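Reading through the structure tokens given below for one structure.
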């Protein structure tokens with residue numbers, strides 16, 4: 001990151017996994033993707049494409065709204081993280097636990113094993129376990145008492161500004177020569 005001619009960070013590149021890059025584009029791309037995966041039948045997809053004109057986020061007419069309702073029905077019971085897999089159960093957040101005791105350690109190992117065998121979404125729970133391990137926090141340079149626990153998605157942060165598109169930001173970094181890996 002640069003301010004004027006002064007570089008504040010020795011940035012080499014960026015990695016973004018499953019990012020929201022542009023709210024409208026990302027949302028509208030879901031419908032053709034789900035059709036391509038065979039989840040939305042041709043006739044429902046064609047009706048939506050005609051009625052909505054590729055703009056699926058805000059239905060502009062009753063034909064579009066009805067088509068989107070049909071699509072929602074096709075998506076009922078769908079694992080929205082891994083569309084070809086079954087829905088996974090919700091996992092508890094570690095934020096509910098203050099300090100694990102030595103007895104909890106054995107239970108946590110059992111939980112890790114049981115959770116990881118259930119479904120791929122379990123990695124979210126497991127990433128929370130891993131990032132809150134004392135040795136990991138220490139290696140990342142997180143000082144004790146500064147961050148009580150790491151949460152994958154902390155919706156309680158007091159955001160005052162919402163970014164709807166990062167396409168221009170990615171383009172600016174790439175054109176300045178920074179390497180980027182953006183994956184879904």
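Would a scan of the range 35-46 turn up a residue that is over 25 Å from residue 165 (Cα atoms), within 22 Å of the chain's Cα centre (by Cα) and touching a residue at least 40 places away in the same chain (Cβ under 8 Å)?
Yes, because at least one residue in the range 35-46 is over 25 Å from residue 165 (Cα atoms), within 22 Å of the chain's Cα centre (by Cα) and touching a residue at least 40 places away in the same chain (Cβ under 8 Å).
Looking at the range 67-82, which of the residues that are over 15 Å from residue 27 (Cα atoms) and surrounded by 14 or more Cβ atoms within 10 Å (Cβ to Cβ) is modelled with the lowest pLDDT? Explain how you work it out, then say what you get.
Pass one, the range 67-82, residues over 15 Å from residue 27 (Cα atoms): 67, 69-70, 73-74, 76-79, 82.
Checking which are surrounded by 14 or more Cβ atoms within 10 Å (Cβ to Cβ) leaves us with 67, 70, 74, 78-79.
Details: 67: 97, 70: 97, 74: 93, 78: 85, 79: 82.
Of everything passing the filter in the range 67-82, 79 is modelled with the lowest pLDDT.
Scanning for something touching a residue at least 24 places away in the same chain (Cβ under 8 Å), surrounded by 11 or more Cβ atoms within 10 Å (Cβ to Cβ) and outside any loop (DSSP other than H, G, I, E, B), does the range 49-62 turn up at least one residue?
no
Assess whether residue 95 counts as being at pLDDT below 90, at negative phi and in contact with a strand residue (DSSP E or B) (Cβ under 7 Å, 6 or more places away or on another chain). First the steps, then the outcome.
Details: at pLDDT below 90: yes; at negative phi: yes; in contact with a strand residue (DSSP E or B) (Cβ under 7 Å, 6 or more places away or on another chain): no.
It is false that residue 95 is at pLDDT below 90, at negative phi and in contact with a strand residue (DSSP E or B) (Cβ under 7 Å, 6 or more places away or on another chain).
Are any of the residues in the range 23-44 assigned to a strand (DSSP E or B) and in contact with a strand residue (DSSP E or B) (Cβ under 7 Å, 6 or more places away or on another chain)?
no
All but one of (1) within 30 Å of residue 173 (Cβ to Cβ); (2) touching a residue at least 40 places away in the same chain (Cβ under 8 Å); (3) surrounded by 13 or more Cβ atoms within 10 Å (Cβ to Cβ) hold for residue 18; which doesn't?
Condition (3) is where residue 18 drops out.
Are there any helices (runs of 4 or more DSSP H) wholly within the range 115-184 with 2 or more residues that are at pLDDT below 80 and either within 19 Å of the chain's Cα centre (by Cα) or at positive phi (or both), and if so which?
Values: elements: 122-131, 134-139, 167-175.
So the answer is 122-131.
The values are calculated or read from the model by the stated rules, or taken from the named source; none is laboratory data. Remember, it's a predicted structure, so these values are computed and weren't measured experimentally. Ideal geometry is used to build each Cβ from the backbone, glycine not excepted, and the neighbour counts take in all protein chains shown.
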